[in-house]
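Please read the structure below before turning to the comments.
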C-alpha cells in the first residue's frame, strides 16, 4: 500500500479518484475479511470521514439514503412502513457488529448475487446516485448492477446515495430469506416485495428475487399480471412457475438450481400473502 487517503468531502474524494487508481473503502466489512493473512496491496480511499454521506432525509417526492448510512441506522430510522422490507433485510446483514459498521453502498457495490440490500432496493424502485469530477448523475439500480461483482460504477466515481421515490398509494413491503441456518448466513433465495393499495386493489406491485441469477431481478411479468387484482387472501395462488422464467439459478454447495426455483416460487407466494395480511 502506497496511498491511504481520507477525504472529508465528496469533492476531495472524486478529485483523488481522478488522479489515482484507488480502492474505495466504506465500512470495510467485505474488504478486510477478504484480506485476512494477505498483504494490503491496494491504494485506499477511505471515505468514512465524509459525514455528509451518512443519513436518511425526506424530500417532497422521495427519500434519500446516503451511501455511508449503516444498516443499524436503517433499522432504527423512523421511516414509513413501505421501508419495512429494507429494515428486515438490514437485520439479515451479518451480526450486530457488521450492521453497526457495514454501509448500504458497500453492500450494493459489492454486487454479490446474495447481497441482502439489493432486492429490497429494487422493490423500492431505487435510483443510485454517483459523483465524479464531471458532476453527479443517477440511474436505476437495476441498470447499475450488471452481474456477479459487476457494476457500472466508473473507476473515477463514488456512490453518494440512493433516491427512493414515494409510492403513489399507501404501500407495505416485506423481505423473506432462506439460508442454511437462521443467523449469519449467505442466502439460498431471497424475495423482497412492495404492494401499493389502490382502494383495495393492487395499484402497483414490485417483486425482486435474489440469489437466483447473476444479479437480483424484478419479476416484471408477474408484476403486470397482478396489477388491478383485489388485495385479498389467495393472491399468492396467482403466481405460477412461468412467472419466474427470467430467473437463472445455479447449482452450488448451498442448493441446486431446481431447489432454488421451487423455493423462489414459495417465497414469492408467501411474501404476497404476508403483504395482504398486513394491508
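Annotations
- Its residue count N sets the reference 2.2 N^0.38 Å, and the alpha-carbon radius of gyration of the range 222-279 equals 1.25 times that reference.
- Pairwise Cα inverse-distance average, inverted: Kirkwood Rh of the range 112-172 (Å): 12.6 Å
- Helix axis angle, 257-278 relative to the chain longest principal axis, alpha carbon, degrees: 70 degrees
- Its relative contact order, with pairs defined as Cα atoms under 8 Å and 6+ residues apart, puts the range 132-279 at 21 percent.
- DSSP-defined beta bridges in the range 1-69 - what % are antiparallel, rounded to 5: 40 percent
- Its relative contact order, with pairs defined as Cα atoms under 8 Å and 6+ residues apart, puts the range 119-198 at 31 percent.
- Counted over the chain, the DSSP beta bridges are approximately 90% antiparallel.
- Between 0 and 90°, nearest 10: helix 10-19 axis offset from the chain longest Cα axis: 70 degrees
- Only helices enter the 222 nm calculation for the chain: every DSSP H run of n ≥ 4 contributes -39,500 (n - 2.57), and dividing by all residues gives -7500 deg cm²/dmol, rounded to 500.
- Highest-first arrangement of 16-23, 115-122, 193-200, where packing means the average Cβ count within 10 Å: 115-122, 193-200, 16-23
- The chain, relative contact order [Cα under 8 Å, separation at least 6], %: 16 percent
Any read-out appearing in this document is the output of simple, stated calculations on the displayed coordinates, not a laboratory observation. Bear in mind the structure is a predicted one, so any value in this text is a computation, not a measurement. Reconstructed Cβ throughout: ideal geometry from the backbone, glycine too, with neighbour counts over all protein chains shown.
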